[in-house]
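Report on the following structure.
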C-alpha cells in the first residue's frame, strides 16, 4: 500500500511536468495543426540556462528571502528566454511556411530540434564548473540539489514527501490555473480559441491571427521555461537529449488527452506520469517506454481523437 | 537508334552510364589507384556498398513518405528488425543457420509482418498521429532489442554473421588475386548493387502502374479518391508493409556487410531522421533523389566530416576535450539546417521527380493513337 | 404533407430510399428527418436556398458523414456493411494473436528463448524438445538453462538455481525431480520450494490474465476499428454511388486521362480473382524466386559440402534467371505482366470513350488543373461515370457555367440517363432543374417542405414563400 501511494506521488509530480510541456505542444497544434518538434528542445535549452545561472550565482542549498528571490529570478529569466526563443523560431522558420503543405513545417521543426540539440551539446562543453569543466560535453550534468531533503511527513513515516515534490505540484497547479484564466477570461484567450476553431473566420472577424500565433508560441515557451527549472530542481540532472525524451512523453500525453485540447493535455500528462510510475514499480523500468507505447496505441484504437478530443469534420 | 532507346524506356543515358561505371568499378578502381599514387586512401568501393544499402533504405522510406504520404519517423526500427532477424537466422550459436539467402527471404517477411501489425490499427489515424506512433515505435523497438538480451545479445550484437554463400567458381572469380577479404567485399558490392538496381526498376514501373496512380490520387485528394472507390486504408497499409519489407531487406544486407547486427542503439531516432534527410535533400517521391541523397549524406559523414575535423583541429588547436573541434559534433547542426533550408528554399529537393513531364508526353501519345484508331 | 409525391408512388422499388435522415453537428441540425426516394432511371433534383442542408445530405448518402439517425438504402439494401463470418474470424484471430503476444510479454520472451532455444546444442537441435520446453516454460515449471558451459536447473524465472550438472540430461533429471516435488505439494523437502511454488502460482495467474486481457483487447480493438469502417466513402462508392463535388475536387496534378483511370481502379483489380492472368505471372515468378531461395537455404544447411556446390549452384542460377526474367518483364514499363498490360490498355480505351462522351477526348493529355472551369466540371462527371455507378450524385454541376454551357450540360445529363444511370442532382440554376428533372424535392433549413414534378413545385405556395422569403431576408 505504501509503495502504491509513494508511486502515486512520484507519478503525480512527473505528470505535472509532462503536462506543462504538453500544453506547449497542444496549444500550437490547436492553432497551426502541426507538431512543433522543437518544443522539447526549447525546454532542454532553458534547463541549461537554469544550470548556468545557478552556477553563475553560486547558489547552494539554503533558505531565506534572498534565496527565494534568486530562485524566482531564475524561473522568470528561463521562462523569458524560452518564450523569446520559441517566438524567434516561429518568426524565422515556421511563419514563412504557413501556406506550404503540412509536411514542410513539420520537417522544419525536426530540423530546428536537431539544431537546438546540437547547441545543447556545445553548451554542455562550456568550461564552467557546473558543467564539469566542459570536458565531457555529452555527459549528463549534475544540477545542485537546492532544496532541503527533509521529509515533510516526518522522519519516521514510511512515505516520503519532499519539499521539491510540493514545489512541483503547487507551482504547476498555480501556472495551470493562470493559463486557464488567461484562455478562458481574457480577450487574448478568446481570440486564441476563435483562431483555433477557424483561422479564416477569425481573421475576417478582425482578429490579428499573426499576433495570436506569436502569443501562443510565447505562452508555450513560458510554460516550457518554467517546467525546465522545476524539472531540473526535481530530477537534479541536465542532459542535451532530455528535451527529446521528455518531449516525446509530453507529446504522447497531448495525443492521449486529445490534441488541441488544453484540459486534455493536463489529463494526459497526469495519466502518463502515473502510468510511468506504476509500470516502473510493477513491470520494470526497462519496459517503461514499451508499456506507455502500448497504452497510446490502445487509446488511439478505441478513441482516435484522444480522451477529451472531438473528431474534426472535413469541410466538403 | 530507335530500338535501343525504346527498350531502355525512360532509363536515360545517365542511368546506363552510371550503372556501367558501378559494374566495372571494383574491377578497375581507377580513383583509388590515383589516390594511392598520392598516398591517400579512400576505398571508394567500400563506401559505395554502404551507399547502396543506405539507398535501399531511403527507397524503402520513399514508398511510405513519398508515395503514400505517410510521415514515418521510425524507419530505423524496420531496418533493425531486418538486421536482427538476419543475425538470429544465421549465427552459429542458434540452430536455424539459414545463411544469407534464407534470411534475405525471412528478414523482409518479418519486418513486413510487424509493419502490418503496427499499421493496421494506426494508419487510419490523422497523419500527425502517425508521426508520433512511428517515432514511438522506433524508440520502443530499440529498447526492446536491448532488453531481449538473451536473443539479441544486447549491446554486443549477434556475430559473426556469415558472408553470402556462392559457388566456389563464382567466389574465386570475385576474389581474383585479392584474397578472401577482397572476395567478400566484391560479393557484397555486387549483391547490394543488384538489389538496388532491381528496386529502382520495380519502382520505376510501379510509378506508372495502377498502384502508382492510386498513390498520386490519394496524396492529391484522399476524400475524392475514396469517393471513387479507392480504399485509402488498404493502399496505405500496402505501402507501409512494402516499405517495411524493403527496409528489412536492407537491414539484412547491412548486418551481412558488417558481419554483426551491431548495437541496437545504432538504430535510433537520429538514424531514421538521417534517412528522412536523404529523401528531403534528394526530393520526396523521387527514386533518383533518394539515391542521390543517400550518396550525399554518407559522403558527408564518411568523407567530408573527417577532412573538416582535421582542418578544425589545425585551426582551433584544442585536443579531444574541445567539443567544437570535432566536426562530427557539428553534424546535427548541418543536417538540421539542411532540413530547414530545403523546406524553405527548395521543398521539391535537388533532383525532383520528372514523373509529371513524362506522364504528359505519354498521355498525348495515347490520345493520338486512339484517335488514329477511330 | 407531400400528397402529390405519396399519391404518385410507383410500383417499382426505389433505387435510393432515405427515411427520416437526421444529421446533427453539435447544436446545429443540418438535416432534419428528411425522406427522399429516387426511382431507377429517373433524374431527381434537390433544391433549396443556401444552407438548406443539400450538400450535407449528399455527404450523408456517400458515407462522408455518419447520419445521426435515419436510414439510407440503395436498391432496398442498407448501405452499412454487415458483420460477415470472415470478418468475425479475422477479429477473433487478431484477438488470439494479441493474446498470445501479451502472454509472451508477461512470461518474458527473453526467458522463453533461453529455456527453449539457447539451452540446446545448435548442432543437435530438436524442435519437439523446444516445443515441450516452451510449454513447460509458459506453465511456469522449472527449466534448464545453459550457463558457462554447464547446464543448470533453475526456477521458472531463472532467479533460483536448483542444481548444476555437466550434461543437459543430468540437469533435466534435476529439474524433473524438483518439478515432481512441486507437484506433490507441501510439505516440501527443499526449503526453496515453497517460495518457487508461490511465485509460480502468481506467475500462472498473471499469464492467464495477460492472455485473456490481450485477447479481449485485440478482438474488441479490431471490432471497434471495423465498426468505424462499416460505411465509408469507399464502401458506398463500391456499392455503385458516384458523385461530383460542389467545389471541384479533381486530382489537379494528374492528366485528364489519369483522373478517369483512377476511378476505374477498382474494376481493374477487385473484380479479378487473384489467380487471374494479370496476377498469375507475377505470382509465378515471385514464387519461383522464393522457392529457389528456400532450396538454396536448405542445401547450404543439410548437405555435405560437395553436394552443396552442385545443388546450390543450380539454385543460385535459378534465382538469378528468374529475377532477371521478372526484371525484364517489369522493364516493359507499364505493367508487371503481359496480361496486366492488356488490362491497362483496355482501361485506357474505355477511359478515352468516356472522355469522348463528355467531349474532352482532345484534352486527354493535359493536366486537369489547366482545363477551363466548365471542362473541369465535365471531367468530374466523366470520372464519376468511370466507377460504373448505378446512382450518380451531381453537386451543383451548372455552377459557374454560362448559358450555352448549361444547355450542353442538360444535354449531357439526359445522355447519362440514357446510359441507364440514375441521377440525383443539387442545383440552383432553375432553368436546368426545371428542364431536366423528373421529380424535385425542396429542402429548407434542413427540412423537406415539398416534393413533386417540376410543374407541381413551380406552383407550390410553400416553395414560392420559402424562396421569396429568403430572398427578402437576404436583401433586407
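Bear in mind that the values in this text are calculations on the coordinates, not laboratory data. Everything numeric here is computed off the predicted structure, so don't read it as measured data. In this analysis, Cβ positions are derived from the backbone assuming ideal geometry, glycine residues included, and neighbour counts consider all displayed protein chains.
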Footprinting proxy, C:352, B:343, C:410: sorted fewest to most Cβ within 10 Å, the residues are C:410, C:352, B:343
Pair residue A:283, residue A:197: separation of 7 Å Cα→Cβ label points (nm): 3.9
So how compact is the range C:37-114: Cα radius of gyration and Dmax in angstrom? 23.5, 73
Fraction of beta bridges assigned by DSSP in chain C that are antiparallel (%, nearest 5): 65
Check: C-alpha center the range B:248-264 vs C-alpha center the range A:241-316, spacing in Å is 33
What percent does the relative contact order of the range A:197-316 come to when contacts are Cα pairs within less than 8 Å and at least six residues apart? 20
From Cα pairs below 8 angstrom and at least 6 apart in sequence, can you work out the relative contact order of the range A:1-129, rounded to a whole percent? 36
With 10 angstrom as the radius, rank B:309, A:216 by how many other C-beta atoms surround their C-beta, starting from the fewest. B:309, A:216
Take residue B:324, project a point 7 Å from its Cα along the Cβ direction, then tell me which residues of the range A:228-253 have their backbone nitrogen under 20 Å from it. A:240
Sorted largest first, the Cα spans of the range B:43-373 on the principal axes come out in Å as 66, 52, 43
So, relative contact order of the range C:357-459 in percent, Cα under 8 Å, 6 or more apart, is 21
Taking the DSSP beta bridges in the protein assembly as shown as the whole, what percent of them are antiparallel, to the nearest 5? 65
Going by alpha carbons, how many degrees (0 to 90, nearest 10) lie between the helix axis of A:2-32 and the longest principal axis of chain A? 30
When averaged across all projection directions, what area in nm² does the alpha-carbon convex hull of chain A cover? 17.8
Using only the C-alpha atoms of the range B:182-319, find the volume of their convex hull and express it per residue in Å³. 160
Cα-Cα separations in the range C:88-212 greater than 22 Å, expressed as whole percent: 38
Between the range A:203-233 and the range C:102-165, what's the alpha-carbon centroid distance in Å? 55
For a quick check: sort C:252, A:39 by the number of other beta carbons within 10 angstrom, fewest at the front. C:252, A:39
Taking the Cα atoms only, what angle lies between the long axis of helix A:65-89 and the longest principal axis of chain A, rounded to 10 degrees? 30
What is the helix-to-structure angle for C:338-358, meaning the angle in degrees between its Cα long axis and the longest Cα principal axis of chain C, kept from 0 to 90 and rounded to the nearest 10? 20
Give me the distance in nm between label points sitting 7 Å out from Cα along the Cα-to-Cβ direction at residue C:465 and residue B:346, one decimal. 6.8
Percentage of interatomic Cα-Cα distances in chain C larger than 45 Å: 44
Can you tell me the length gained on complete extension of the stretch residue C:212 to residue C:314, counting 0.36 nm per residue apart and subtracting the Cα distance? 31.8 nm
Label-point separation (nm) for residue A:208 and residue C:50, each offset 7 Å from Cα along Cα-to-Cβ? 3.1
Computed over the protein assembly as shown, the convex hull of the Cα set has an average projected area, in nm², of 55.8
